[in-house]
Amino acid sequence: MRIADVLRSKGTAVATVDADTSVSSLVDELAQHNVGALVVLEKGSLVGIVTERDVVRKIHERGPDVLKARVADIMSTSVFTCLPTDSVDSLAETMTERRIRHLPVVVEGQLVGIVSIGDVVKSRIGELQSERDQLEHYIDQG
């Protein structure tokens, strides 16, 4: 299964935030969209990603005043991305090895979706269920 298949199932909408947005507003956006990460855009280009974990760690380091800071001050700028043609298995491996929970999907510099570890797990469970159903059908027909 490919990332394009996952996006067909879940959709291509991506919650984003501007780099100049306050961390306090970021927290509101995370809650409003019920997501754990937002892709950070600057003039329409991907410049980072910011997660709930980033917020919590910065509050721990700097205290509650970090809520007044800008997203640019706490985001990760080293963003791993993937392509729609990448396999779900290879993405699962990358996410596990690099301890990444969200990967933007980018084609020719354009953000076209995002895949979470939850999406990967759901996809894998679907594949296993399909294999199980096929085996049961084979046994029943045997």
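Worth pointing out:
- Taking the criterion of being surrounded by 14 or more Cβ atoms within 10 Å (Cβ to Cβ) and among the hydrophobic types (A, V, I, L, M, F, W, C), the residues of the stretch 28-41 that qualify are Leu30, Val35, Ala37, Leu38, Val39, Val40, Leu41.
- Candidate set: the stretch 82-110, residues that are touching a strand residue (DSSP E or B) at 6+ places or on another chain (Cβ under 9 Å) and among the hydroxyl-bearing types (Ser, Thr, Tyr); chosen: the one surrounded by the fewest Cβ atoms within 10 Å (Cβ to Cβ): Thr85
- Selection from the stretch 1-23 of residues that are farther than 23 Å from Lys43 by Cβ, open to solvent by 40 Å² or more (accessible area, probe 1.4 Å) and not in a loop (DSSP other than H, G, I, E, B): Arg2, Asp5, Arg8, Ser9, Lys10
- Filter pass, Ser45 being in contact with a helix residue (DSSP H, G or I) (Cβ under 9 Å, 6 or more places away or on another chain) and at pLDDT below 95: no
- The set of residues from the stretch 51-69 being buried (at least 16 other Cβ atoms within 10 Å of the Cβ) and not hydrophobic (A, V, I, L, M, F, W, C) comprises Thr51, Glu52, Asp54, Lys58.
- Residue check for Ala15: among the small types (Gly, Ala, Ser) and over 16 Å from Ser116 (Cα atoms): no
- Residue in the stretch 37-58 that is hydroxyl-bearing (Ser, Thr, Tyr) and either under 23 Å from Ala92 (Cβ atoms) or in contact with a strand residue (DSSP E or B) (Cβ under 8 Å, 6 or more places away or on another chain) (or both) present: yes
- Residue in the stretch 92-106 that is touching a helix residue (DSSP H, G or I) at 6+ places or on another chain (Cβ under 7 Å) and hydroxyl-bearing (Ser, Thr, Tyr) present: no
- Residue satisfying condition, being surrounded by fewer than 16 Cβ atoms within 10 Å (Cβ to Cβ) and not hydroxyl-bearing (Ser, Thr, Tyr), within set Gly113, Gly44, Gly48: Gly44
- Selection count where residues are of a type in the set (A, V, I, L, M) and open to solvent by less than 50 Å² (accessible area, probe 1.4 Å), scope the stretch 118-142: 1
- Contact map, the stretch 80-109: first residue over 15 Å from Lys122 (Cβ atoms), second residue among the basic types (Lys, Arg) and in a helix (DSSP H, G or I), Cβ cut-off under 7 Å, separation 6 or more or different chains; pairs are Phe80/Arg98.
- Checked against the criterion of being among the hydroxyl-bearing types (Ser, Thr, Tyr) and in contact with a Ser or Thr (Cβ under 8 Å, 6 or more places away or on another chain), the candidates Ser130, Ser87, Ser116, Ser76 yield just one match: Ser76.
- Residue in the stretch 72-81 that is loosely packed, with under 10 Cβ neighbours inside 10 Å, out of contact with any Asp or Glu (no Cβ under 6 Å at 6 or more places or on another chain) and not aromatic (Phe, Trp, Tyr) present: yes
The values are calculated or read from the model by the stated rules, or taken from the named source; none is laboratory data. Given the structure is predicted, the values throughout are model-derived calculations rather than measurements. Using ideal geometry, Cβ is built from the backbone for each residue, glycine included, and neighbour counts are taken over all protein chains shown. Note: accessible area is taken over every heavy atom of the protein model, side chains too, but ligands, DNA and RNA are not part of it. Shrake-Rupley method; radii C 1.70, N 1.55, O 1.52, S 1.80 Å.
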